[in-house]
Each structure stands twice: as C-alpha cells, then as structure tokens.
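Take a look at the structure below.
Just so you know, all these numbers are worked out from the coordinates, no wet-lab data involved. Since we're looking at a predicted model, the values are computed, not measured. Cβ atoms come from the backbone with ideal geometry, glycine included; neighbour counts cover every protein chain shown.
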Amino acid sequence: MNQLETRELTYFVAVAEELHFGRAAEALGITQPPLSRTIAHLERGMGVALLERTTRQVKLTAAGEVFLGECRAILAAMDLAVRKARKAADQQRITIAARPAAGPGVLAALLRAQGPDAAFTEVVFTYDEIGALRDGTADVALLCQSTATPGLEFVELGEESPVVLLPAGHALADRPLLTLAEVEALPGFAATLPNEPLDLMVDRVALGHLVTVVGDSVLDRLGDSVRAVPVHGYPVTQLILAWLPEARSAAHRLTAAVGAVLARATSRERVPAG
C-alpha cells in the first residue's frame, strides 16, 4: 500500500463521516459510482474491510475506525505542510490564529489598521490557538487569557469583562449583576466555553440548554433572544496578541497596527458621553 493516494484518503473520510455514499459523493462534488469504486479499490489493496454496507446503512468496522483517525491526521499534516511551504515562499505573509467570536471587533480593527499590508494577512479560526502557534500553522494568535502562558511573548490589547448569557425570559436576565456562585448554581452552566461557533451557543442559550460566560466583546452579536449579565468574581480576561520567540520578526510587523488600534480605543474612551 505504498501507492496510497490523497484522493483515496479524502474519499474514505467523506464516506466515514457521512456514513452514506450518496451524501459523501455530493459533498465531494462527484457522482456515486467512482466513489464506490475508489473505496472498494482501497479495501482490496489494504486487505481489510473498512465499511460494513447493507441496503439500509453504512457502518465503520473496527479497522475503519482506526483508519479514519489516521487518515485525518495524515490529511491535516499534509495541509500543514502546504501552509508551511507557502509561508516559506512568501515572507510577507502573516497568519493570525483566532477562536471564533473572540474579540471580533479588535481583530477587524487590527486588519483595517494594517492598511495595504492586510492583503498579506491570513486569519485561521481554531479552538486551539496556542497549538496553531506551536505547530507552525500561525505566526501570531489572538487570545483571551486570565493567566499567562509560559514561553509566549505578547502585547496586551485590552480587557474582556465577563458576562453570563441567559435566555431573555430568564428570571435573572434583568439583574444588573450576578455573583460567580449564582452563575455556577444555574442549571446547564458550562464551566468552560464550549468549542462551538457563537451563533450555535446563542441558539442553545435561547432554548435554555446552555448557560455560559463569555467576554463582553460579543454583546453586539447576541440578538434579542439572549441577555448578557455581568458576573462579579469571575476572572477578567486579557485580550492579547501572542507569538513564540522564533516568530518575533513576523509578529513585530503587526506592532504599528496594534498601536493604531490601541490609540483609537483610548481616544474613544476620552470622548465625553452625550
């Protein structure tokens, strides 16, 4: 099996995730017959059955479960190899890793402040921002942290005040402040932020399936079905732009843009209300 092709791995992952040849073919943008032939050829070459097929369903075998994990790792490694090669060929390009919905206003302001250089900046959304730094996927990361991470250099962008998300009709939704103890006692409270898009979290909160604490930078994206109440006693997180020492030269190209963003934020704070 030293002649395995990336296409075969991609096709197998699609079928394994969909557990349906028709849906997998549609997701891949091909017809079902060549997909079925490719999977059959892969199984013959490996000498093992990866899938159990009946007229009603498709299931992974034990071998298929193991192979799926390895295929995902191989495809991820190949994607990373391409990213690193492109980065080496284009020294101007900077990649920023960011968690979905983390400091969206700051991230957009940072890109705007770069001016023409923004064309050389790529944003990668991930739930493992530090991992993206360590494996080389990103040069810098936008992080919300309450404690420092050893080994990272960083510049502070501002504080994120904690707010708990509650359904609009919740008995505590109109309170001006909640204590951490009150929040932790609420049914459905998640002590750690779920690894899912903000829109999904908001929908789950609105339905009463989730209670979670987020930074106040997301307030303008909540809509009318969810309320955000400040939480007393919850650690204030610092929004930072961080990088590893070996990426210092790339990270420092953002310094001027960071300074511009901070200067604008400070000037807005000094403008009297009304």
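Taking 0.36 nm per residue of sequence separation and subtracting the Cα-Cα distance, how much length would be gained by fully extending the chain between R72 and L19, in nm to one decimal?
17.5 nm
For helix 62-89, report the angle its Cα long axis makes with the longest principal axis of the Cα atoms of the chain; keep it between 0 and 90° and round to the nearest 10°.
Result, in degrees: 60.
Can you tell me how the range 1-64 classifies by the Cα gyration tensor, rounded, prolate or oblate, using a/c under 1.5 as the rounded cut?
Here the range 1-64 falls in the oblate category.
Loop-only trypsin sites (Lys or Arg not before Pro) in the range 20-69, please: DSSP not H, G, I, E or B, and at most 11 other Cβ atoms within 10 Å.
Listed in order of number, the matching sites are R56.
How would you rank L133, L200, going from fewest to most other Cβ atoms within 10 Å of each one's own Cβ?
In increasing order of surrounding Cβ atoms, one gets L200, L133.
Once you keep just the Cα pairs under 8 angstrom separated by 6 or more residues, what percentage relative contact order results for the chain?
20
What order do you get for S36, S217, S249 when you list them from fewest to most C-beta neighbours inside 10 Å?
Final ranking by Cβ density, sparse to dense: S249, S36, S217.
I'm spelling it out carefully: the read-out is Cα extents along the principal axes in Å, the candidates are (1) 55, 41, 34; (2) 72, 51, 33; (3) 74, 50, 30, and one was derived from this structure. Which label?
Answer by label: (2).
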